[in-house]
Amino acid sequence: MSRLDSVIRRLVAQRDCLGDAMARAPGGALLEIGLGNGRTYHHLREIAPDRPIWVIDRSMNAHPDSAPDAAMYLEGDAGAMLDALFERIGRGVALAHYDLGIGVPEEDVPLRASLGQRIRRLLVPGGFLVANGAFEGMISEPLPETVTQGRYFIYRAM
Ligand SMILES: C[S@@+](CC[C@H](N)C(=O)[O-])C[C@H]1O[C@@H](n2cnc3c(N)ncnc32)[C@H](O)[C@@H]1O
């Protein structure tokens, strides 16, 4: 498969997993971990217009149409920002989307391992983590029919 086809499938999987989880999410805020260009954040605003959306990135590189309000944006290393968010809202996130990583397992797997517990403790009971990679120690949810196993991940907090 070409890298172009792979990116297309990943983005379709991302959109469909977010839609699936959002349809079942309990009350609470959303959290985008990895703003980047802001495409996913822009989409989250569309599918959840009435929810507060927190955003984490180490630097602001979003398209102007996709930049969050300063009050909802935490700039810095993800670990420290997840801790800072927990200090502010506690267990208040209904859906977190994790989009960090560079596609290199030697770097991405340890990063996810270092952040998993910090994300988990933010999730309300029944809240979702939708992720571009696998997290240990969480309950996997079935994927939408359109998504191949291992392409995207949905977890649910107890
Ligand atoms: C793949 S991009 C996110 C794409 C984004 N979801 C979108 O739809 O445009 C990953 C982002 O994560 C940020 N990032 C990577 N590692 C990070 C870390 N350890 N802490 C904070 N931000 C990080 C990068 O700065 C980059 O903007």
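The values are calculated or read from the model by the stated rules, or taken from the named source; none is laboratory data. Since the structure is predicted, the reported quantities are computational estimates derived from the model, not experimental observations. Please note: Cβ atoms are built from the backbone with ideal geometry, for glycine as well, and neighbour counts cover all protein chains shown. Only protein heavy atoms, including side chains, enter the accessible area calculation; ligands, DNA and RNA are left aside. Shrake-Rupley method; radii C 1.70, N 1.55, O 1.52, S 1.80 Å.
State which helices in the chain qualify, where a helix is a whole DSSP H run, it must extend 20 Å or more along its own axis by its Cα atoms, and its mean Kyte-Doolittle hydropathy must be at least -0.5.
On the way: long enough: 3-24 (32 Å, -0.16); 105-120 (22 Å, -0.86).
Both cut-offs are met by 3-24.
Sort 124-133, 105-114 by the packing proxy (mean of other Cβ within 10 Å over each peptide's residues), most packed first.
Working: 124-133: 21.0, 105-114: 12.9.
Sorting 124-133, 105-114 by mean packing, highest first, produces 124-133, 105-114.
Hey, what's the chain come to in accessible area per residue, 1.4 Å probe, Å²?
On the way: 8240 Å² over 158 residues.
Per-residue value: 52 Å².
Restricting to Cα atoms and excluding each atom paired with itself, what does the Kirkwood estimate give for the chain in Å? Walk me through the intermediate numbers first.
Values: mean 1/r = 0.0641 Å⁻¹.
About 15.6 Å for the chain.
Read phi for every residue in region 134-143 and hand back ³J(HN,Hα) as whole Hz from Karplus 6.51 cos²θ - 1.76 cosθ + 1.60, θ = phi - 60°, with x for Gly and Pro.
Couplings: 7, 10, 7, x, 10, 7, 6, 9, x, 8 Hz.
Could the peptides 43-49, 91-97 be put in order, highest first, of the mean number of other beta-carbon atoms found within 10 Å of their residues?
Values: 43-49: 15.0, 91-97: 23.1.
Ranked from most to least packed, the peptides come out as 91-97, 43-49.
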